[in-house]
Structures are given as C-alpha cells and as structure tokens.
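Right, one structure below, let's go through it.
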Amino acid sequence: MKDLSDRFRDFSDAFRSAAPLYSRFAERVAREPRVLDLMRSAPIAQRIPVLLFACVHYLILNDPDQELGFHFPNLQRSRDALALNDESAEAFVRFVLTHQEELTDLMATRSTQTNEVGRCNWFLFPFAMIESQVGNIARVDVGSSAGLTLLFSDINYDIQNYDVQPGSLIGGRGPLTIQCRTRGHPPQLDHVPSVVWSRGFDARPVDLFDQDHVRWLEACVWPEQVERFDRLIRAIDLARRHEIRVERGDAVEDIGAFVQRANRHGHPVVTTSWVLNYLTAAKRNEFVARLDAIGADADLSWVIAESPRETPELPVSGDSGDDITVISLVTWRSGRRESVRLATAHPHGDWINWSA
C-alpha cells in the first residue's frame, strides 16, 4: 500500500504546475486507502496514477453530467473557471468509491496509450532528408495504435524556429494545422515530404469507427490539456474521412511482409515512435536483426523516435541514458547500415531541438 501511496504522492509533486487538477487528485488519493486498494485490480505494470485517472475520465466522458465532470476543463461548461480547491479532490474520491465495480473492470482490462497527431512533427525533417536522397516515400508505421500519424501528408505544419527567422506554413490542403517549434538548424522545408503509400500495423489496433475505442483515446488525454483534447477530436474526424485503418500484426514477425509491400510503391521507410519500449530486450534485438536482414538485400530507412534509456538495443548514437524522446535516422544503402542522431523532442511533438 505504501508503494502505491508514494507513487501518487510523487505524481502530485511532479505535476503540480503542469497539471494542477490531476496533482490535487493524486495528493488526495495518496491519503485514501480505499482508492489505493482499488488499484490492485490493475495488472502490476499498470498500477499507475494515469490509469486510474483515464478510467475515471472515460466514465465522465460517457456521462458528463456527473458532479465530478464540472471540475474537468475539457468539458465545455467548465472551461471558463476551473475549480481547483479541496472540493474537486473530494468529488474525485466520492466518484471513485461510488463507481468501484465499473472502475475495477476497466482497470483490469485497459492500458494507457498515447496516439498524438502532434507526433507527425517527429517525422517531418527526417522524411525531408530521405525524400531528397531517394524520392517518394512508402511508409510502414510499427505499433500504429489508431494510426493518427498516418495523417502525415494530410495536415499542415506551422514551423516556428527560435534560431532562424521567419517561420513557414507548409501543407495548406487540409483542415488541421499543427505547430512545430524548433531550435537549431533542421532542413529548410517548402513542402510536406511526399508519402505516396503508408500502412500502420499494431498488435491491438484502435478502430476509429468504434465509439468505445475512440472514447478511450479521449480519456487518456488529461482534461487540463484542452487544446490537445480538441486537436485529438479533429484528428479523429479527419482520419475517419480518409478512412485510415490500422492492420493487425506483430512488430517482429510481420515487419518483413509490410516492408515488402511498401517496396512496391516507393522507398520503404519504417517508423517507430514510443512503441519498442513495450517489447522485451530480446524482441528489440530481433527487430533490429530483421531490419538488418532486409537492408542487406534492398535499400531501407528507419526513423526512430524512442527513449534510448528505454530501448538501449537500438542503433542510436549518443547517451543511452537519455529518457527524453530522441529522433534518429538509420539507413541501409547498398547493404551498408549507418545511423545518425538528429534531435531531441517533446513527447507529444510540441518542439524539436535539432542537433544533427
């Protein structure tokens, strides 16, 4: 029980400024044995504050007229005044204790996930580098979840560089624009790199045409991140219009078949973003070996956006102790593998610090 209490207390301290509502919830839960005991219904790896918060958020989104919903700023009625007081935390505890059966079922079967369209920024500059070398890109996205980053070619990018002025807007074809703030000297872009074919696959794909799947994606966004919540809703609508679907597949077993399909359309580019940390070390080694085998026979590129500390087996240059998102590019040309570390980035793609 003390470990769980400490986990919530640490969360409260870490996010007191960035997420004051969830910070208050966590501080109160750390002192509430009845709620802490409920956490034991989750798998050990998922006994984390954000799973409880996502499950509660899920129930609130399904029934926003609940008392607790009036404290959530992403719900329209509470955006003007967020009630950050002791009552919001007490309302949270009351809600949890009133909905113990539903929350027990949810925590036993759900896991937190992030499918953030802002992460398209991670691929913008590496794709430009690849396009300048080999032309049209055929993309294979591993662990694609709901596939929102497959919207890469259908959104606009407002690039604002703090070191090089002025910024630029590229794309201009679609209704969704994401801001990309950069430092350093990434490639200068006057267009969105051409991705002529793309497929995503995942062990457990999220179906954007299934309202329950969509609701869980929404629930995993923190309610204080109002702009991000709205952007997710717009991205889901756009993905539905483009009929983006993610296929079922295993990262190691199926990567070869997907790359083979991509090779019929253009230069194959594999992308991984905060997915390989979910594999075991042995599976990560096997994944790299599979790509090495493919690259020995045909040209291939791999854009990595992962934490080196979580995935030390990957061919990423630099400090393996980095726990921030590091963007790297691995290429196989005429059977020879080369890798270069390009940048560090915000976990949701808000900013990129270019270092290559």
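Observations on the model:
- The ellipsoid that matches the Cα gyration tensor of the chain has semi-axes, each √(5λ) in whole angstrom, of 37, 22, 19, with the longest given first.
- Formal net charge of residues neighbouring W354 (Cβ-Cβ distance under 14 Å; K, R +1; D, E -1): +2
- Förster radius 35 Å - calculated FRET efficiency between E227 and A257, Cβ distance, rounded to 0.05: 0.35
- On full extension, the segment bounded by E243 and R309 gains 20.2 nm, given 0.36 nm per residue less the C-alpha separation.
- Its DSSP H runs of at least 4 residues, each contributing -39,500 (n - 2.57), put the calculated 222 nm mean residue ellipticity of the chain at -11500 deg cm²/dmol, to the nearest 500.
- Cα-projected label distance for H191 with S334, points at 7 Å along beta-carbon direction, nm: 2.8 nm
- The residues packed around D163, meaning those with a beta-carbon under 12 Å from its beta-carbon, carry a net charge of +2 if Lys and Arg are +1 and Asp and Glu are -1.
- Of the residues A262, V196, S273, the one whose Cα sits farthest towards the positive end of the charge dipole of segment 177-323 is V196 (charges of +1 on Lys and Arg Cβ, -1 on Asp and Glu Cβ, taken about the Cα centre).
- Within segment 158-240, the trypsin sites (Lys or Arg not before Pro) that combine a DSSP coil assignment with at most 16 other C-beta atoms in a 10 angstrom radius are R173.
- Extension gain from D210 to S111, taking 0.36 nm per residue of separation minus the Cα-Cα distance: 33.9 nm
- Going by neighbour counts of Cβ atoms within 10 Å, the residues D254, D230 line up, fewest first, as D230, D254.
- Other residues whose C-beta falls under 10 angstrom from the C-beta of F152 contribute a net charge of 0, scoring Lys and Arg +1 and Asp and Glu -1.
- Span from the segment 102-147 Cα centroid across to the segment 170-219 one, whole angstrom: 7 Å
- Binned Cα-Cα distances of segment 2-109, short to long, each 5 Å bin given as a whole percent: 2, 13, 24, 26, 21, 10, 3, 0
- At most 16 other Cβ within 10 Å, DSSP loop - GluC sites (Glu not before Pro), segment 218-276: E243, E253
All of the numbers you see were taken from the coordinates with simple rules; none came from a lab. Here the structure is a predicted model, which is why all the values come from computation and not from measurement. Cβ atoms come from the backbone with ideal geometry, glycine included; neighbour counts cover every protein chain shown.
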